[in-house]
Structure formats: structure tokens, C-alpha cells
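Taking it in order: structure first as C-alpha cells, then the write-up.
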Amino acid sequence: MTRAGLSALWSFWRRNPLQLFTLVAGLALATALWSGVQALNAQARASYDAAAAVLGEGRYDQLIPAAGETVAQDSYLALRRAGWQVSPVLEGPLQARQARVRLVGIDPLTAPGGVGPMTRSEAATLPAFLSEGVVFAHPGIAEALAGTLSQRVVADPGLAPDTAITDIGVAQRLLGRDDLSRLILAEDQPIGRPDLSDVAPGLIRRASQQASDIGQLTDSFHLNLTAFGLLSFAVGIFIVHGAIGLAFEQRRAMIRTLRTLGLSLRRLMVLMGLELALIALVAGGIGVALGYVLAAGLLPDVAATLEGLYGAQVAGGLQLDPVWWLSGLGIALLGAVLAGAGAFWKIIRMPVLATGARAWAVATGRGRGCQGAAALALLGLAGLGTLLGGGLIAGFASLACLLLGAALALPLVLDRLLALGEAFARGVRTEWFLADTRQQLPGLSLALMALLLAMAANIGVSTMVSSFRMTFTGFLDQRLFAELYVEAEDTTQGAAVADFVQDRGATVLPIQWVDTHIAGQAAEVYGTRVAPAYVENWRFIAQDGTDSAVWDRVADGAAAIINEQLARRADLWPGDPLPLAADRTLPIAGVVGDYGNPIGQVVIGEGLFERLFPAAAPERFGLVTDTPAALRAALQDDLGLAAGQITDQAALKQFSLGVFERTFTVTAALNVLTLAVAGFAILMSLLTLAAMRVPQLAPAWALGLTRASLGRLEVLRALVLAALTGLVALPLGLALAWLLLAVINVEAFGWRLPMFLFPGDYAVLGGFALLAALLAALWPAWRLARTPPSELLKVFANDA
Amino acid sequence: MLLRVENLSKAYPGPEGPVPVLRGVGLQLRAGETLALRGESGSGKSTLLHLVGGLDRADAGRIAIDGQDVTGLDDPGRAALRRGTVGVIFQQFNLIPSLNVRANIAFQARLAGRHDAARAARLADALGLTAQLDKYPEQLSGGQQQRVAIARTLAARPALVLADEPTGNLDEATAAAVMDQMLALVAETGAGLMMVTHSPDLAGRLGRQLHLRQGRLA
């Protein structure tokens, strides 16, 4: 009985291979996008977690060269002799057969506790590490290294991919170098040791990740990717839901017959469950493979981004983890269950003698009332969550309600828009076209919902990214407006720099600050020499008076400027009194955006600062000059400043923008992929509906419309629906962007990004959506236009 | 002569080669004349109707309507023929499900550029459809749907009305009522009517009868 039942069920797919393809392809694409993004995240996390665990990257402060990429061994020795607890690290590329290995040399005797693989490996002891020159390598490259090196190679899964680690002496021999890459600073340093600038003036200290809040930034990057993966998965599940729903509706008659013939409902459900699970596993396998290709393609950009932004090393090659495969198959099964649950429920409730002749589109249309109510409820919840809710979870819940509610509302909105068009239509073809389009809505609604989500995500994320880019550029202009930035060794050198630069006609802007607490919040108070450059470049998000009036008051010591973080945390805004010291309170004249900085800041005039904090003296200076190259050369040649003490801020700005652009290459690629999946959903829906369309279109053909014109109208229909969906997607995408910028970002990071609109970008996106719809509609329309009259006549045939 | 069919042949492809359906059929029909086409299932009645109505192409022979040879018309030409010259009433009604009754009745007349709202209203009234004008096809009974199909055809004022078992899906009483209305209205327009039917009674109500047997006129 089971075999007969399975055979009967499977015969449906044999007769409808296109629907089977739609189901498998939809599930495979959903799995691919999800698992691809997860693979990227996992790979990146594993890489820098492994690097941090083994090399102490991120856990300890480090000394790095102020200029260039190497540290002289003499500097290391000088620091050790002076009492500094530092440990050397050498890094370099090594070719082992086809593999490019990142070889890292460490000194286990001086390294802080926990750094190095020998502390947790039983395969090699510390003496062996030191005397025999053991090389620990990630398993992926161990064999290649063993065949290349004379040293003993031990595979260590705890290492970052493509990474090998050995004693620093061995590393220097293998890399042919006698210098170092950086020095790790132990947490406990002896008191009274000489200043770094005295012992090793070419080195600067880089703070550990804990201090610079990098974890939060990497998390935001991964959150961005995960959100996209989830959205792409949702788009794919819309396709699968449509395919399963249609297949189950078409099989109602068969299911009724099977039950009439004695197959129990329970056994039928089990068989259909098995059938769906099998399809899901096959689709999941394909999806995971596709996801691997996707992740491998995007990994170089992700690696470059993470390295550029956070200095985190990510392997260039993707590792195949069995857990990743299993989770990919699991998500495919979960997706199939989610998409098929409704159809299963309908079958369970279907009486044995139920009619089998129910039109799928009509059946779907009957649920419109419930769908509208659910859409309204979800949109209401989104509004309430935004207005009343607090916290990140409420923000994301509002986002989910908004997207789901809008997707559910889309068919109803389109129906009303088309009905409005019908009311104003002139001409019988237009009226019929609009009425017929309305009739097609239930069958196309899932694909259109997928398109809506894809377009809204594109609009929302591109608005967020572009707003972020504009704000970030403005912020860089604001903070890096001085052409050069000089870090003096001490206040004496600082004073010399100021005199030297002023003599050459450049503007000197001393940067001096003290760490303190303001209104119960940790904050930095800056004493600023107000110059026209500040008035020109700094932009306030809230202010009391004009820009120049604000700065005039600051220069006079009559007011202060604070950053947004402090404003939001302490609820201080222009006009509010700011307690600076026990006997000194200033009114706030302006609040300035300070993106990415976790600490509150207060800016007051230089004179007042010197009176309030007489012990502070400037060691850092911004230099505004028309001839930065000449001034830099003069500072080095005439004043003896090291290259590492002078920063070319224009180059820094260029570098920062470059890193930023690369960050969103990944986002842009996922945008395009999501839109492509939505286009695929439309194609599959149109192809699936094509067979149903013949009986609907045959009467119009019989009454005098040509097959060619019917084909053209089918293309036009897809374009009209895509355009109307685009119209709905625009406000939805902007709402999504607003939620991301004004709610979620504030909850996550404490500052709000201004939102800018980019009509040109939206128009281009609309063009892409229309192109996707056009491409999706061409083939079905072409097939319709080529339908032989004999096929159309079958609709009318009683006999021959 | 409204319709002149000469030596018309048509075959459909079959697993063992072409299967002839019509073999050299010829007939004539004057304006205002009514003709019943009878024959067993598979005798080629509907195929003849489809060829005359420009829904399909003949393999050989000639069809002239109002003196115009329509045999060699291309796809747009045959579409124009269906819009303006002939009207086809099908057994399955074939209404446009997305349009309401009023729009369905007006549809072909508007395509032909001959829409007359007053005439459409009169037809609806004559066929007892006035109360159904705002309903959709799925909300109508079979008899009501066939009346809408008849009204749609006659509203376009075609020179030639072709009907393929127009009452085949209706019960006897409804079929008789629909037939009465259709014949009266066709007579009023002066159009020619060629109707395929199995029913000897219905055929007997038309001016002339022809029998098809194995693709030939008996």
C-alpha cells in the first residue's frame, strides 16, 4: 500500500516537472543564500577567534611600527633591557606547494600566558618547540608544509586557517628575515620603566580590542550579513510556499481518491511528509553547494573588509565544516516544513468527499479577508513597537512586523490600485487587461511579495548605506579637516612644533583633553582653539543659534559643545546647563554627531580649558596648511620628527573611505542576488500559471485578440505588477531604512544617523526590478504567443 | 451569399500520421438563413465551425464570407474576422471570468468598435439578465451564463453567428427557453446562423439541416 501510495504521489511530479523544479530551485536558492552568509560569518569569526586565542591578537596591547611594517630587533632588545615586558612576533607569507601560508613566529618564553599552541597541545612540548623547531599548522596546510619544510609539522585544528606558528628563530630562518613584525605587551608592566618614546621612538602602542570596542563593530557587520541572509531565505521560502501550495491544491482530487481507496489519512500524511523531506534534502544539498560557491566568491571582500576595518586576519580560503553542511540541510528541512505546514493542515481538515475541482487562485483569494486583518494587525504592532517599545529586540520585532505586514497587505493594495485603474480606464482592452490582471493576483501574489521584500530591502539597505557613507564622509571632513596631524613626544617638543609651524604660516590647532565624568557619564573634555576651519567643517545635529554664534560663544568660554553620545545618554540638549566642574557650569550651545565613538565628549574654548585644567598641555596638533608635503618634510628634516609622528590626514581619509566602500561590496552583491531570486520567483509563478492561463485567454483570443497581442499583454502585465510593487516597496524600504537608522542604530550604538534620500538610486533599482520582471515574463509570453490554435481550441472543443 | 464553403479539407496529426476530419466539404448560407449541422461525434462538425469562424486554418479548400475570401488570412486577419464579422457561441460559454456580466456583454462589440449601450441593455433585458449585470460569471447559473454568451455575440451585430452546441450544457427546459430567445434575436438582426447540434428537435427549428458523416456531407 505504501509503495502504491508513494508511486501515485510521485506520479504528480513526473507529470509536472516544472513544478518540481520550482520547488527544488526555490528551496535550494533559499538555503544557498542563508548558508552562504552563515559560512562567511562562521569563517570570519573562526579566523579571528583562532588568531586571538593563539596569538593574543585583540587581547593584549601591542607595539607596532609608526611607519613601515617592520620592527628592528634592536628595538625589542632595548625595550626588554629597559624593563618593558614585551614579546616579539614575526609574520610573513610562506609558499608551501600550492598553499600560501601565513607563518607566525613567537617566543614562548616571553609571550603572555595562553599565547601559543604548545600550552594546549600534547603533540609537542615546550622544549621540543624550542629545540626541534616544531611547526604547528592548521590541518588544511599541514600536509603541504610537511612536504616542504625539514621541521616537524604538527596539525593543530585550533589555529586560524592557512596559518602556521613556530618559534621566532625558526620563523626568521624560514622567512629569511632578521627583523620583527610587532611586539605583544604583557598586561602587567613594571612601574617606573622609561617612556616608550625614549626607548623605541619608532614604535607606537595599539590598544587591545577590549578597549577599542571592536567587538561591537564586528558584531554589527555580522548582524548586517545575518539580516540579509534571513531576508533572502524568507524570499526563497515564499517561492517554496507557492510551489507546495499549488501542488497540494492540484493533488486534492488524487488525495481524495487515495483516501477513498483505503489509504488512511495518517499514512498519507507520513508518505507526503517523506516525499517533502526527500525533496528538501536534495534541494538542501544543492543549496549548500551553491552557498559554498557564493561564500567562496564573497570571502575575499569580507576578508579585506574585516582586515581593513579591524585588523582581523581572515583566511582567503573557505573551510568545509560538516556542521555547516548539516545546518544547511537542517535549514532546508525547516524551510520546507514552514512552507508546507499550511498545505498539510488543509489536507488534514479536508473531508474525504471534498470536491477536487477547486481553483487554486480562487481558493487562495478566499483568504483575503483574513490576510488583510493579519496585515493590519502586524502593521499596527510595528507602529506600536516603534512608538512604545524600547531596546534592540523591540526594534527588530517592529522591523519583522513591518516587513511581514506589508508583504501580506501587498495583494490587497495591488487589487485596489488595479480597481482604481479600472474605474478610470477607457477602452475595452485596457478594462479587460486590468480586470484580468486583478484575477491573476492571487496566483502571483507570493512572487510579488518576494519582489516587494527584495526591493524594500534594497531600498532600505542602500538608503542606510548611502546615508552612512554621506554622514561618514562628512564626519571625516569634520574630524580630519587639518591636512596634517602631529603627535609630539612631550610637551616641550609640542611647543617647539607649534612655534615652528606658526613661523611657516600654517594654522596650529592644539588638541588637548582630560578624562573626567560629566553628568555621571565617562567623558573627555577637549580644549579647542576655535578657528574658521571648525565653523566651516563641523555640523551640528542640534544647536542654539547659528554655527558661527555657537563657536563664538565656545571661544569666549560662554558655552560648550557636546557629542551625540553624551547628549543621548545624559539627556542633555542645547540650552541645558552642563556641569563642567564643581564651580563651573556652561550652557550647551550645540550637539555634534560623533559616529563610531563610544565615549562622551565635551568641547570648550582653549582659554577656559587652560583655566579649568592647568595641568594639561597639548602634545598633539592639527596643522592646517596649503603645502602639507613641504611642511611635513620640514618637520622631519628641520625639527627631527619621526615619520610615524606625522599623519597625512588626507591619505587617512582616502584609506578610510576605501575600506568603507569595500565593506559594502558584500551588501551590494547580496542585494543583487536577492533581487535575482525575486525575479526567479516571478518566472516560476508565471510558468506555473501559464497552463491555467490558456482557458482564461482562449475566449479573448476567440473574440478577436491575436496570440501575439495576448503575449505582449502578458509581458505588460508583469511590468505593471512589478512597477506597482515598486511603488509599494518605496515607502516600505524608506520605513525600513528609518527603522535601521533611527531606532535600531540608536539602540545598538547610542547615536542616530541622519537619513538622506537618493531618488536616482531608487530609479535605477526600479529599472532593475522592471528588467527582472521583463526577463521573467518573456519566456512565458513567448510560449503563449506561440501556442498553436489547436491548443486554444481544446478549450472550446466538445468533439471534433 | 453570406457564406460560401468550397471543397474544404482538414486533418489533425495522429500517432500514425494525419487523421482527416473534413474531406472536401462545401456549403452555402444566405443572410438571415439558419442552418443546423448534425452528425455523430467526431464527424467534423465543430472543426467546420472553427474553420468558418477563423479559429483554425483549413488544409485545402476555400471559405468566403460576404464575398471575401478568408481562407488565407494571417493571424491578425483572422482575429479581425472574429472581431467584426462572425460571432461564436460556445457550449462551454467561455465568458471572461474577470469581467462582470455588463462588461462581458459589451466586450466583443467594443472590440469591433460597434458598442451600443442601449442595444446591449435591450439584449440583456430580452434575455432576462438585467438583474445580473453587476454579477460575475462564477455567480451565474449555466443557463444565465449561456444567455450572457448569446448577448455578447449579438451585441456585436455579426453578419454570421456560429453556435457550437449552445444548449448542450443546459437542462431541457432551460435549453428550450434559451433557444427561443436566441433564434428570435438572430432573426431580428438578420444575421446568418450556423449551429452545431446533436438534437433533432433543435435542428428541426432551423431553416435547413446538413449531416456530416466521417468528414463528408451526407
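The values are calculated or read from the model by the stated rules, or taken from the named source; none is laboratory data. None of these values were measured; they are calculated from a predicted model. As a convention, Cβ positions derive from the backbone with ideal geometry for all residues, glycine included, and neighbour counts pool all protein chains shown. The area values use the complete protein model at the heavy-atom level, side chains included, leaving out ligands, DNA and RNA. Shrake-Rupley method; radii C 1.70, N 1.55, O 1.52, S 1.80 Å.
Descriptive notes on the structure:
- Kirkwood radius, region A:484-624, all distinct C-alpha pairs, inverse of mean reciprocal distance: 15.4 Å.
- The H on the amide N of A:Thr528, modeled in the peptide plane, is under 5 Å from the matching H of A:Ile604, A:Gly605, A:Glu606, each at least 5 residues off or on a different chain.
- Residue (of A:Ala373, B:Gly190, A:Pro411) at the positive-pole extreme of the protein assembly as shown, dipole from beta-carbon charges: B:Gly190
- Relative packing of peptides B:78-87, A:531-540 - highest average C-beta neighbours within 10 Å first: B:78-87, A:531-540
- Association of chains A and B removes close to 2700 square angstrom of accessible area from solvent, both sides included, for a probe radius of 1.4 Å.
- Under 9 Å, Cβ to Cβ, from A:Tyr485 - net charge with Lys/Arg +1 and Asp/Glu -1: -2
- Given charges at Cβ of Lys, Arg, Asp, Glu: the protein assembly as shown dipole, positive-most of A:Val293, A:Gly389, A:His517: A:Val293
- Per-residue shielding of A:702-712, expressed as the average number of other chain Cβ atoms within 10 Å of the residue Cβ, stands at 6.
- Restricting the chymotrypsin sites (Phe, Trp or Tyr not before Pro) of region A:741-787 to loop positions (DSSP other than H, G, I, E, B) with no more than 16 neighbouring Cβ atoms within 10 Å leaves A:Phe756.
- Per-pair calculated FRET efficiency, R0 = 35 Å: A:Ser790 and A:Leu274 via Cβ, rounded to 0.05: 0.30
- Restricting attention to region A:484-624, close to 70% of DSSP beta bridges with both partner residues there are antiparallel.
- Carbon and sulfur %, accessible surface of the protein assembly as shown computed with the full protein complex present, 1.4 Å: 58
- Listed by chain and number, the lysines whose C-alpha is less than 19 Å from the C-alpha of B:Lys10, apart from same-chain residues fewer than 8 away, are A:Lys794, B:Lys45.
- Residues A:Leu716 and A:Ala533, FRET efficiency given R0 of 41 Å [Cβ-Cβ distance, rounded to 0.05]: 0.10
- Each of the peptides A:187-197, A:440-450, A:164-174, A:730-740 was scored by the mean count of other Cβ atoms within 10 Å over its residues; in descending order, highest first, they stand as A:440-450, A:164-174, A:730-740, A:187-197.
- Whether the protein assembly as shown is rounded, prolate or oblate, judged on the alpha carbon gyration tensor where a/c under 1.5 counts as rounded: prolate
- Charge context of A:Leu414, other residues only, Cβ under 12 angstrom, K/R +1, D/E -1: +3
- Span-rule helices in chain B, defined as complete DSSP H runs reaching 20 Å or more along the axis (Cα) with Kyte mean at least 0.0: B:172-189
- Rg/Rh ratio calculated on Cα atoms of region B:129-197 (Kirkwood radius): 0.95
- Simple label model, 7 Å out from Cα along Cβ direction - B:Thr130 to A:Ala582, nm: 10.0
- Estimated inter-spin distance, A:Trp782 and A:Ala742, nm [label 7 Å along Cα→Cβ]: 4.7
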